[in-house]
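Here's the structure, in structure tokens; my notes come after.
The values are calculated or read from the model by the stated rules, or taken from the named source; none is laboratory data. This structure is a prediction, so every number in the text was calculated from the model and none was measured. Here the Cβ positions follow ideal geometry from the backbone for every residue, glycine too, while neighbour counts run over all protein chains shown. Calculation scope for accessible area: heavy atoms of the full protein, side chains included, ligands and nucleic acids excluded. Shrake-Rupley method; radii C 1.70, N 1.55, O 1.52, S 1.80 Å.
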Amino acid sequence: MKYILGADFGTTSLKVCLFDENGNLVETESASYNLITDGDCVEFPVEEFYNIFISTVSKIAEKYPVYAMSVDTQGETLIVLDENCKPLVNAMIWLDNRAEKQAKEIERKFGLKGIYELTGQAEIPAGYPVPKILWLKENKPEVYNNAAHYLLLEDYIIFRLTGKFAASRSLYSSSLLMNIETGEYIPEMLDFIGVKESQLSKLYESGEYIGDYNGIKVMTSALDQIAGITGAGVVKEGIMSETTGTALAVSVLTHTLPEWHEGLTVSAYYVKKGLYALLMWSPTAGATLEWFKKNFCEGDDYAKLNALAESVPKGSEGLICLPHLCGTVMPENNANVKGVFFGATLKHGKGHFIRAIMESVAYNVKEFSDYINAEACEIRSMGGGAKSDLWCKIKADVLGKKIITLKQNETACLGSAIFAGIGAGVFADAVSAVEKVVYTDKIYLPQSSEYVELFTDYKIKEKKLEDIY
């Protein structure tokens, strides 16, 4: 039996899971850390990333003979090393927005259409690596002039483990440095920011062997979202994933990049040559239910909330929730939009409001699915929302599709373990790996068509809200 380790390096925490070659979870460890925030600047000491990683992995490696490992990471976090491979500044986290001016410079130079056609990215956030490098050039020339290596977090960890500068193409999807179709760096972008390709890591497919660390084979992984959908079994067209956590994330794979059009907000991410992931998200999903629970359901647990909602008919007897407590991002980007309950009357109680929130998130999933023309025959459901039978039933009815939950919650770690297993020869490819190690749990089939008309009504109300703001 070979033990395979998958690690998921998130924004403020690291989760490490050890699986056997059949996908059974053997051991798990985690660590949390706090970011340094000062206005638009969000940072973290570079070497602490590695210290946290090694400390956490060692707890497992001391007990089990780890055969191979791989680590997926947060995207867009920039790390700058000098010629001695020492950090010149703290890591600039993906949430760092100091480079807003530089992001506009890039937009003026290449245009949104040009950026999308080169990189698959529909927008140019200040937190992306290229604007940050420009910011260093214009504001910290002593750092820029002494920079020998520009890395993201995965390649930094791989470098510290193996001594090689290597990264997955998947991770570089949102760097603005890589051509999404060729998987190679963009010469005109490097020229624009004054960076040489020799200052960047060599790019590999996910699941390629790079080197060894203490007898453990080290492989490339992927952007954390891509690792997550891989661990959920989304490795080919026809399957969609939806994650209802604090936020909502919907993803589907495609062999064809959607054509650019004015107002496009959906970015495409590299999975492998000729295969891309379209990702859509909303800042509030489970957060809306949590907000309602905290403020209006004191003492009630989620089981009680589910029971209250289940006693209410489909459509919540005319009560409609628009769950945009933090504005909207997709399909329309409007930070001014607010959350609303339409149609409240004296007959509506807590259960109506809870069910209306659940239905609104299901409507969001359908909106996203329709927007990206996802011709999925099934939807893999993840996150806290997947624990609710009622919520899954609502989603199945709203989308008219089969909803499947998973036995393994740590899908990003499992995705990384799959990539590690591929590189180590345990699995032939992602599709065969998923067939072997991704275990489905419950299946929910559509039972009613009532939501067809209810979704139309929701869309009308949402349009009225958008017109107000």
If you find the alpha carbon centre of the stretch 209-259 and of the stretch 93-144, how far apart are they in angstrom?
25 Å
Please list the equivalent ellipsoid semi-axes of the stretch 6-146, computed as the square roots of five times the alpha-carbon gyration tensor eigenvalues, in descending order and whole angstrom.
34, 19, 13
Less than 13 Å apart at the alpha-carbon level, and either on another chain or at least 8 residues along: which aspartates and glutamates does that give for K132?
D40, E43, E76, D96, E100, E105
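Do the alpha carbons of any pairs in K273/K387; K236/K366; K59/K272; K236/K393; K15/K137 sit beyond 26 Å of each other, and which pairs? Can you show the working numbers first?
Numbers: K273/K387 35 Å; K236/K366 20 Å; K59/K272 33 Å; K236/K393 24 Å; K15/K137 34 Å.
From the list (K273/K387; K236/K366; K59/K272; K236/K393; K15/K137), the Cα-Cα distance tops 26 Å for K273/K387; K59/K272; K15/K137.
To the nearest 20 debye, what charge dipole does the stretch 387-469 have about its Cα centre, counting +1 at the Cβ of each Lys and Arg and -1 at the Cβ of each Asp and Glu?
Values: 12 positive and 12 negative charges, 26 e Å.
My answer is approximately 120 debye.
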Quick one: 3J(HN,Hα) in Hz for the stretch 144-154, Karplus 6.51/-1.76/1.60 with θ = phi - 60°, rounded, Gly and Pro as x.
4, 6, 9, 6, 9, 9, 10, 10, 9, 5, 4
Describe numerically, in nm with one decimal, the distance between label points set 7 Å from Cα along Cα→Cβ at L325 and at N214.
4.2 nm
So what's the stretch 138-295 giving for Rg/Rh, alpha carbon basis, Kirkwood Rh from the mean inverse pair distance?
1.03
Distance in Å, no decimals, from the C-alpha centre of the stretch 391-453 to the one of the stretch 146-166 is 33 Å
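How much length is gained if the chain between S311 and D191 is pulled fully straight, taking 0.36 nm per residue apart and subtracting their Cα-Cα distance, in nm to one decimal? Don't skip to the end; give the middle numbers.
Numbers: separation 120, 0.36 × 120 = 43.20 nm, distance 6.20 nm.
Here the answer is 37.0 nm.
Dividing the alpha-carbon radius of gyration of the stretch 138-228 by 2.2 N^0.38 Å (N being the number of residues), what value is obtained? Each step should come with its number before you reach the end.
Numbers: Rg = 13.9 Å, N = 91, 2.2 N^0.38 = 12.2 Å.
That works out to 1.14 for the stretch 138-228.
In square nanometres, what is the average projected area of the Cα convex hull of the chain? Please list the in-between numbers first.
Numbers: hull surface 87.3 nm².
Approximately 21.8 nm², given one-decimal rounding.
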Counting sequence-distant residues (5 or more places) and residues on other chains, those with an amide H built under 5 Å from that of A91 are F44, V46
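So between D370 and K140, what do we pick up on full extension, going 0.36 nm a residue minus the alpha carbon distance?
Details: separation 230, 0.36 × 230 = 82.80 nm, distance 4.49 nm.
Stretched out fully, the D370 to K140 stretch lengthens by 78.3 nm.
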Taking amide H positions as placed 1.01 Å from N in the peptide plane, with prolines and chain starts having none, which residues 5 or more places from Q408, or on another chain, fall under 5 Å of its amide H?
Y439
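Can you sort D429, D82 by solvent-accessible area, 1.4 Å probe, largest first? Walk me through the numbers before you get to the answer.
Working: D429 70, D82 30 Å².
Highest to lowest solvent-accessible surface, that is D429, D82.
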Along the stretch 16-27, what does the Karplus equation 6.51 cos²θ - 1.76 cosθ + 1.60 (θ = phi - 60°) give for ³J(HN,Hα), rounded to whole Hz, x for Gly and Pro?
10, 10, 10, 10, 7, 6, 9, x, 7, 6, 9, 7
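Among bridges DSSP assigns within the chain, what percent are antiparallel (round to 5)?
Given both bridge residues lie in the chain, the antiparallel proportion sits at roughly 70 percent.
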Separation of alpha-carbon centers, the stretch 345-359 and the stretch 53-84, rounded to whole Å:
46 Å
Taking Cβ-Cβ under 4.7 Å as the only way to count a partner, pick out the unpartnered cysteines of the chain.
C41, C85, C297, C321, C326, C377, C392
Take the eigenvalues of the Cα gyration tensor for the stretch 1-88, scale each by 5, and report the square roots as semi-axes in whole Å, largest first.
28, 14, 11
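Kindly rank 71-80, 31-40 from highest to lowest mean number of other beta carbons found within 10 Å of each residue.
On the way: 71-80: 26.4, 31-40: 11.7.
Peptide ranking by packing, descending: 71-80, 31-40.
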Just order 231-242, 338-349, 402-413, 191-202 by mean Cβ neighbour count inside 10 Å, highest at the front, would you?
231-242, 402-413, 191-202, 338-349
With all protein chains in place and a 1.4 Å probe, H261 shows an accessible area in Å² (nearest 10) of 80 Å²
In the chain, what percent of the accessible surface is made up of carbon and sulfur (1.4 Å probe, ligands and nucleic acids excluded)?
49 percent
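How big is the dipole moment of the chain about its Cα centre under a simple scheme where the beta carbon of each Lys and Arg is +1, that of each Asp and Glu is -1, and everything else is neutral? Debye, nearest 20, please.
660 debye
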Beyond 19 Å, the calculated P(r) of the stretch 272-371 holds a percent of Cα-Cα pairs equal to 46 percent
Amide H neighbours of L248 at under 5 Å, excluding residues fewer than 5 places away on the same chain, with H built from the backbone geometry, are S282, T284, A285
